[in-house]
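A quick write-up on the structure given underneath.
The values are calculated or read from the model by the stated rules, or taken from the named source; none is laboratory data. Just so we're clear, the structure is a prediction, and the values are computed from it rather than from any experiment. Using ideal geometry, Cβ is built from the backbone for each residue, glycine included, and neighbour counts are taken over all protein chains shown.
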Amino acid sequence: MHSFKKFWAWIAGPKSNLVLFFVLIILANLVGARAFFRIDLTGQKSYSLSQASRELVSSLEEPVSVRVYFTKNLPSPYNSVESYLSDLLSEYRGKAGKNRFSYEFVDMEDPEARSQAMNWGLQNVQIQEVKDTEVGLKTAWMGLVILYGDGAEVIDNLTGTEGLEYKLTTTIARMIAMNDTLAGLDGSISLTLYASSALSRFNIGGFAELPAEVQTALDMLNKRNRNRIVYSRIDPAQDEIEMLAAKYGVQVINWSVGRDGTSAGMGTLGLVLSRGERFVSVPLELTRGIFGGYSIRNLGNMSDTLAEALQSLLSRSVEMAYLTGQGEKSLWDGQSGAYRLQALVKDRYTLKEYATVREVPATVHSIMINGPRTAFSEEDLYALDQFLMRGGNLVLLLDPINEVMPDQQMLMYGAQPTYEPIDTGLQKLLAAWGIELSASYVMDKACYVAKQQGVGELPLYYVPQLAKESLNAKHPVSKNLAYVLFLQAGALSQKDGRIAEGVSYTPLASTSDEAWIPDAVTSLNPYAIMPPAADALAKHDLAVALEGIFPSAYESSPVAGIREEESSGETGDAAAGSTDSAAKSKPTPSAPSVTAADLSATAHLSKSAQRARVAVFGSSAITTPSVMDENGTQPVALLLRNAIDWANGNDELIPMRTKGLGLNTLDKTTKEKRDALRAVNLYGLPALVALVGLAVWRLRVARRRRIRELYCGAERTTNAERTTNGEAAQ
């Protein structure tokens, strides 16, 4: 008992403080090793998993393994990618249950690891490195492999953190779906190379190597997908070529009579991946060299191309209707059409073409209309109206005017394009919702500036460049974006200053305050466009989001509710049979007779049955290669992809795509404010430091004075007392 009291006294006393401190540190580390937390203070929540990612990894039924092949000690900015990737994978592992997620950073100094990376199809890159005041090149590996079930997916060229979580989550989700599909797949998948042997005489670059390239890419693909793909090569006969083109969309190559006596003919070149009735065509595009001759484009990316085609073939993507009957942008035109748009969304959506709205099946819940040029019929407009009333969603990319190019001969004589207004009839629907599209392009002083040699800077007023302030930071579609380029866009606004009741109007993208709408466009030559006076400049919306209960643009159906059945010309026994049937179904005398004229039916909805969404853009040119890059990384491509996700109700995917995008720019200010801030930084901060130093010095002097007075004053008092006592004693 005495020893316990002694120990307790030691614990309570100051002598145990150091020992207790070390014990506390050890216990805190033990607890932290098993249970830790982190706080993400970034505005975009870049270091936290989104809800979609958490739900995915928490519901994994089989383990996911990630092998990261990333060279260590890379120079900036690549070293931050490795750190961010490590933190992100740690978050995935923390949210996955029952050890379903694991990852490993492979040491790339090991030759065996580099060999593994090459076998997976990863490619090293040369990056610039500054070392000891010298600039050199360093070979770096920056990729990873995701393993799930018997499948593997490669993500290479991780040179930035932009959208990294989106890539990981969507890839894992796609692997899960494909693994389930392959596990339940009956039979095999066919890969067929249609190549006319007659093409060999034209010395096409890559033609002789094509079969071997396809076989090599297929071997790599089969390695990841249970060897389910069977390869064959067919040299089609002349009379089969047009049939193959019509069925699979493979390209037809025609040639005329050659100087060497070669007879005219045609051939074909294409790859088709098929399973049953479904197929995906892999284009083998011919390109012509500067000095003549032809070659097959992008043969080096054959493995990636086949992998994407297989994913498209087996994917369970959402079908989205794409209308084509009114001259919309073609999904197959890579020069001036929306081919890149299709590539942008194919990981989650299948854009299926329909000539009219009436052809769209009831199972489709969203429709895209991209740049129509001719008027919709009244029946199609009503069908589109009622599609929205039934809860469908729309993505509309509309142009105010049509640029008509002169023919080649007139172009040689200097003829200029003409600009004609477009009347599609969709204005009626827009007006019912309470919005309208301008009749001309929007011009903006805050625009893209082209730099031409010998001319200098040339502002393209019809290409507004939207800064961060011009994009709605509160809406998921436009949040975290900046530097969005619009091209030949019309302005959207509330009709008569008010929106339809029950519908919300949210601007997504707007011009600067220095924009204007000319009465008419006669030329887009920058030298012919003159900005108006300052009082004519204003801000205009270029893209808006509408949501809510929409009113119908029609009071009733413009077509009959019950269509009359066409006469089938029944005669003889058939007519008699119909008469007998009518007699059998004759009502009893007590029931009143009902004729066809008494029946009526209406499926017309005067307002939407549930909340619907409509994304409206004032330009379809943003879906063309003029502003949309091939990889879909430009801000305008992200804006459009976000709008498609939003219209389809996939809001949870949007934040992942813009994480780490690095578009948090400084707010736009005036020149006077910038000069003032510059002066403060150059002169104000040094002056402030000097003032603080002076103040500290004066405080120290005052402190010394007080201390001196305190002790010196006491000493003088003591001496005075001693003197007084001495005098008294005498």
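Points worth noting:
- Output for region 208-221, where each listed residue is out of contact with any helix residue (DSSP H, G or I) (no Cβ under 6 Å at 6 or more places or on another chain) and either aromatic (Phe, Trp, Tyr) or in contact (Cβ under 8 Å) with a residue 24 or more places away in the chain (or both): GLU209, LEU210, VAL214, THR216, LEU218
- TYR448 vs. criteria assigned by TED's automatic domain parsing to the domain that holds PRO372, closer than 30 Å to LEU384 by Cβ, at pLDDT 85 or above and assigned to a strand (DSSP E or B): no
- Taken together, the residues in region 76-111 that are more than 27 Å from the chain's Cα centre (by Cα) and buried (at least 16 other Cβ atoms within 10 Å of the Cβ) amount to 4.
- Number of residues in region 230-247 that are surrounded by 15 or more Cβ atoms within 10 Å (Cβ to Cβ), in contact (Cβ under 8 Å) with a residue 40 or more places away in the chain and out of contact with any Leu (no Cβ under 9 Å at 6 or more places or on another chain): the value is 2.
- Count of region 343-382 residues which are of a type in the set (Gly, Ala, Ser) and buried (at least 18 other Cβ atoms within 10 Å of the Cβ): 2
- Note on region 294-407: enclosed strands (runs of 3 or more DSSP E) holding 1 or more residues that are more than 30 Å from LEU524 (Cβ to Cβ) are 294-296, 318-323, 349-354, 366-370, 393-397.
- Test result for LYS167, of a type in the set (Lys, Arg) and either more than 22 Å from the chain's Cα centre (by Cα) or in a strand (DSSP E or B) (or both): no
- Any chance ALA520 is in a loop (DSSP other than H, G, I, E, B), in contact with a Phe, Trp or Tyr (Cβ under 8 Å, 6 or more places away or on another chain) and either outside the structural domain of ASP385 (by TED's automatic domain parsing) or of a type outside the set (S, T, N, Q) (or both): yes
- None of LYS72, LYS45, LYS98 is at pLDDT 75 or above, of a type in the set (D, E, K, R) and outside any helix (DSSP H, G or I) except LYS72.
- Of the set (1) outside the structural domain of LEU638 (by TED's automatic domain parsing); (2) at pLDDT 85 or above; (3) not charged (D, E, K, R), all apply to LEU310 but (2).
- Among the candidates LEU182, LEU191, residue that is modelled with pLDDT of 80 or more, surrounded by 17 or more Cβ atoms within 10 Å (Cβ to Cβ) and closer than 20 Å to ALA152 by Cα: LEU191
- Pair list, Cβ under 7 Å, 6 or more apart: region 47-61 residue closer than 22 Å to SER83 by Cβ, other residue crowded, with 19+ Cβ neighbours inside 10 Å and of a type in the set (Val, Ile, Thr): SER53/THR169
- When region 530-548 is filtered for residues that are of a type in the set (A, V, I, L, M, F, W, C) and crowded, with 17+ Cβ neighbours inside 10 Å, the ones remaining, listed by number, are LEU537, LEU542, ALA543, VAL544, ALA545, LEU546.
- Meets criteria (hydroxyl-bearing (Ser, Thr, Tyr), outside any helix (DSSP H, G or I) and crowded, with 18+ Cβ neighbours inside 10 Å) for THR268: yes
- For the criterion of being within 29 Å of the chain's Cα centre (by Cα), in contact (Cβ under 8 Å) with a residue 24 or more places away in the chain, surrounded by 22 or more Cβ atoms within 10 Å (Cβ to Cβ) and farther than 27 Å from GLN634 by Cβ, PHE387 passes.
- Selection within region 334-343 - touching a helix residue (DSSP H, G or I) at 6+ places or on another chain (Cβ under 6 Å) and farther than 15 Å from LEU397 by Cα: none
- Residues in region 194-229 that are under 21 Å from VAL280 (Cα atoms), of a type in the set (Ser, Thr, Tyr) and surrounded by fewer than 17 Cβ atoms within 10 Å (Cβ to Cβ): THR216 only.
- The one condition in (1) in the same structural domain as ARG278 (by TED's automatic domain parsing); (2) free of Cβ contacts under 8 Å to residues at least 24 places away in the same chain that ASP180 fails to fulfil: (1)
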